[in-house]
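K.L.:
My questions will all concern the structure given below.
The values are calculated or read from the model by the stated rules, or taken from the named source; none is laboratory data. Predicted model only: the values in this text are computed from it and were never measured. So basically every Cβ, Gly included, is an ideal-geometry build from the backbone, and we count neighbours across all protein chains shown.
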Amino acid sequence: MLDDNPSSRHSFVFLNRLAERFAEARRKLDVVLIWAAISGLCIGLIATFLRHSVNFLILQRSLIAQAIADYPVLAWFIPSLISGGMVFLSFWLMRRFAPETSGSGIPQVEGALDGVFTFRAFRVLPVKLFGGILSMGAGMVAGFEGPTIQMGSAIAKIVGSLAKTSQENIRILIAAGAGAGLTAAFNAPIAGILFITEEVRPKFESWTLAYRSVMVACVTATISARLFNGQTAFLKITQFERVSLSDLWMFGVLGIGLGVLGYGFNFFLFRALDWFRQLRGLPYRFTGLWVGSVIGFLVWLSPLVTASDQQVLTGSGEGAIFWSFNQEPPGYLLLFVLVVRFALVMFCYGSGAIGGIFAPMLSISTLFSLSMARELNTWFPDQIPQPAVFAVAGMGGLVAATVRAPLTAMMLTMELTDNYFIVLPLLVTCLFASISAHLLGGEPIYSVLLKRAYEKLQSIPQSDSV
């Protein structure tokens, strides 16, 4: 009998406790995954709203510019004033209610996961959303991915807080929301997952639970975003076949060039941040006004220079990428746009305006890679593949050189462009770019930005509110 056998009795108690623990673990696992799924759905919706709102404002500014095109002075003055006013209002919202929404917001998310920053989600979400709409709608050279990543984390934290789940589960949801934010911005779910594991690298009590939560949030964010935006790639360009093994060495050369460019990108970006940081008085108070006015003027000037109805000199970078692919501009104009966009990224991001740097980097790397492909083509006319293949590989290379997350960069590029057959050239480019930037002494951009954000927020009172 069980009562007469101590060994059997202990075994029964042990198995009973084990069954209870498995049931409790399964219940918790299911609950967190449900919150992650709900967060992902909301993130897909908010990312779609952000993009459509920005595009709507860009269209309205374009219509106003067309209406006053026959008036020489008003033609450039009014667009400049409108953009200046929009960016000024964005800066006012940011500085008044949530200074931590400055820039991309990715370092702040990483800091929250590390326990360095208090994450005021109920403030971050509306300020990042409406401030981002105003800033990017004005034509600022900034990407959608920064705002969607920070807003994604904020949404996920709000969901977890309303569900009254544990602090550890809230941290998991914050990470899941960040991955879903990148996913929704670029329609790239695998890149969103890799971004958390390779770049953010948070520590959890259960990585299995965290990993599954990130996957669930990225999947539901993809479904939510694609319901409104369709299932086509974010950058619908040529799909290429596999590159010959004999041509791979040229992608190594491209990677080295992008490593040098990535080192320079980080160097000048930090110098721009330093320059804007030392502003005082009226130049500081009206940063948004004069920065936005310069961008507004360039928005008006861009079609005159590039003969294109797209935002080539300004904007997130999609217009510049499509322009370089479809128009096949002469080499001097390609280099001119490259230099201008490089300088404007420093100008816009350095000012602290809301917006990401992934998308602007993609346009810079595309222009650089096309220029380098044309140069190599003059040296090796019978060996170089199509120049556009270099441009696609280069997109991943610059991200790898600056962020030091080569797998994320590679997968992001493939999902962005729907090019899965060029995985080997992408790997070679990203590897050489990352190693080259490291050998030059550069540091990963978000690690440095996290240090700067920590220093900046030391003097800002942090609320205990979520």
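K.L.:
Provide a single number: the residues in the stretch 202-223 that are surrounded by fewer than 16 Cβ atoms within 10 Å (Cβ to Cβ) and either in a helix (DSSP H, G or I) or in contact with a strand residue (DSSP E or B) (Cβ under 8 Å, 6 or more places away or on another chain) (or both).
P.N.:
So the count comes out to 3.
K.L.:
Moving to a separate point now. Given the options LEU301, LEU282, LEU334, name the one that is out of contact with any Pro (no Cβ under 7 Å at 6 or more places or on another chain), without any contact (Cβ under 8 Å) to a residue 24 or more places away in the chain, assigned to a helix (DSSP H, G or I) and not assigned by TED's automatic domain parsing to the domain that holds LEU89.
P.N.:
Numbers: LEU301 fails: without any contact (Cβ under 8 Å) to a residue 24 or more places away in the chain; LEU334 fails: without any contact (Cβ under 8 Å) to a residue 24 or more places away in the chain.
None of the other options fit; the residue is LEU282.
K.L.:
For PHE49, which of the numbered conditions (1) part of a helix (DSSP H, G or I); (2) in contact with a helix residue (DSSP H, G or I) (Cβ under 6 Å, 6 or more places away or on another chain); (3) within 21 Å of GLY146 (Cα to Cα) fails to hold?
P.N.:
Unmet for PHE49, out of (1) part of a helix (DSSP H, G or I); (2) in contact with a helix residue (DSSP H, G or I) (Cβ under 6 Å, 6 or more places away or on another chain); (3) within 21 Å of GLY146 (Cα to Cα): (2).
K.L.:
Do the conditions hold for SER80, that is, is it assigned to a helix (DSSP H, G or I), of a type in the set (S, T, N, Q), within 19 Å of the chain's Cα centre (by Cα) and assigned by TED's automatic domain parsing to the domain that holds ALA184? Walk me through how you get there before you give the answer.
P.N.:
Numbers: assigned to a helix (DSSP H, G or I): yes; of a type in the set (S, T, N, Q): yes; within 19 Å of the chain's Cα centre (by Cα): no; assigned by TED's automatic domain parsing to the domain that holds ALA184: yes.
Taking the combined requirement at face value, the residue does not satisfy it.
K.L.:
Within the stretch 314-370, how many residues turn out to be of a type in the set (D, E, K, R), modelled with pLDDT under 90 and within 19 Å of the chain's Cα centre (by Cα)? I'd like the intermediate steps shown before the answer.
P.N.:
Within the stretch 314-370, the first condition is being of a type in the set (D, E, K, R), and the residues that meet it are 318, 328, 341.
Now narrow it down to the ones that are modelled with pLDDT under 90: 318, 328.
Now drop any that are not within 19 Å of the chain's Cα centre (by Cα), which leaves 318.
Total satisfying the criteria: 1.
K.L.:
If ASN55 satisfies every condition in (1) modelled with pLDDT under 95; (2) in contact with a helix residue (DSSP H, G or I) (Cβ under 7 Å, 6 or more places away or on another chain); (3) in a helix (DSSP H, G or I) but one, which is the exception?
P.N.:
(2)
K.L.:
Does SER104 satisfy the criteria of being in contact with a strand residue (DSSP E or B) (Cβ under 7 Å, 6 or more places away or on another chain), closer than 20 Å to PRO360 by Cβ and of a type outside the set (Lys, Arg)?
P.N.:
Numbers: in contact with a strand residue (DSSP E or B) (Cβ under 7 Å, 6 or more places away or on another chain): yes; closer than 20 Å to PRO360 by Cβ: yes; of a type outside the set (Lys, Arg): yes.
Here the answer is yes, as SER104 does meet what is asked.
K.L.:
Please go through the stretch 89-121 and give me each residue that is assigned to a helix (DSSP H, G or I), of a type outside the set (A, V, I, L, M) and crowded, with 22+ Cβ neighbours inside 10 Å, ordered by number.
P.N.:
Within the stretch 89-121, the first condition is being assigned to a helix (DSSP H, G or I), and the residues that meet it are 89-97, 99-101, 106-113, 121.
After this cut, where a residue has to be of a type outside the set (A, V, I, L, M) as well, the list is 90-92, 95-97, 99-101, 107-108, 110-111.
SER90, PHE91, GLU100, THR101, PRO107, GLN108, GLU110 - these are the residues of the stretch 89-121 that are assigned to a helix (DSSP H, G or I), of a type outside the set (A, V, I, L, M) and crowded, with 22+ Cβ neighbours inside 10 Å.
K.L.:
Moving on to the next point. Mind checking which residues of the stretch 224-247 are of a type in the set (Ser, Thr, Tyr), outside any helix (DSSP H, G or I) and either modelled with pLDDT of 80 or more or under 20 Å from the mean Cα position of the chain (by Cα) (or both)?
P.N.:
As a first pass, look at the stretch 224-247 and keep what is of a type in the set (Ser, Thr, Tyr): 224, 232, 238, 244, 246.
Among the residues that remain, those that are also outside any helix (DSSP H, G or I) are: 232, 238, 244.
Hits for the stretch 224-247 are THR232, SER244.
K.L.:
Ok, one more. Is it the case that the stretch 306-313 has a residue that's part of a helix (DSSP H, G or I), touching a helix residue (DSSP H, G or I) at 6+ places or on another chain (Cβ under 8 Å) and in the same structural domain as HIS438 (by TED's automatic domain parsing)? Give the derivation first.
P.N.:
First, pick out the residues of the stretch 306-313 that are part of a helix (DSSP H, G or I): 306.
The next check asks that each one be touching a helix residue (DSSP H, G or I) at 6+ places or on another chain (Cβ under 8 Å); those that pass are 306.
Subsequent filtering for residues that are in the same structural domain as HIS438 (by TED's automatic domain parsing) retains 306.
Within the stretch 306-313 (the criterion being part of a helix (DSSP H, G or I), touching a helix residue (DSSP H, G or I) at 6+ places or on another chain (Cβ under 8 Å) and in the same structural domain as HIS438 (by TED's automatic domain parsing)), the answer is yes, since at least one residue qualifies.
K.L.:
Test GLY103 against the criterion of being within 21 Å of MET346 (Cβ to Cβ) and of a type outside the set (Ser, Thr, Tyr), and give yes or no. Walk me through it before giving the result.
P.N.:
Values: within 21 Å of MET346 (Cβ to Cβ): yes; of a type outside the set (Ser, Thr, Tyr): yes.
In short, yes.
K.L.:
Also, I was wondering about something else. Looking only at the stretch 386-425, how many residues end up being surrounded by fewer than 22 Cβ atoms within 10 Å (Cβ to Cβ), touching a residue at least 40 places away in the same chain (Cβ under 8 Å), not in a helix (DSSP H, G or I) and not acidic (Asp, Glu)?
P.N.:
Of the residues in that region, 2 qualify.
K.L.:
For LEU254, indicate whether it is in the same structural domain as GLY356 (by TED's automatic domain parsing) and exposed (fewer than 13 other Cβ atoms within 10 Å of the Cβ).
P.N.:
On the way: in the same structural domain as GLY356 (by TED's automatic domain parsing): yes; exposed (fewer than 13 other Cβ atoms within 10 Å of the Cβ): no.
Against the criterion (in the same structural domain as GLY356 (by TED's automatic domain parsing) and exposed (fewer than 13 other Cβ atoms within 10 Å of the Cβ)), LEU254 does not qualify.
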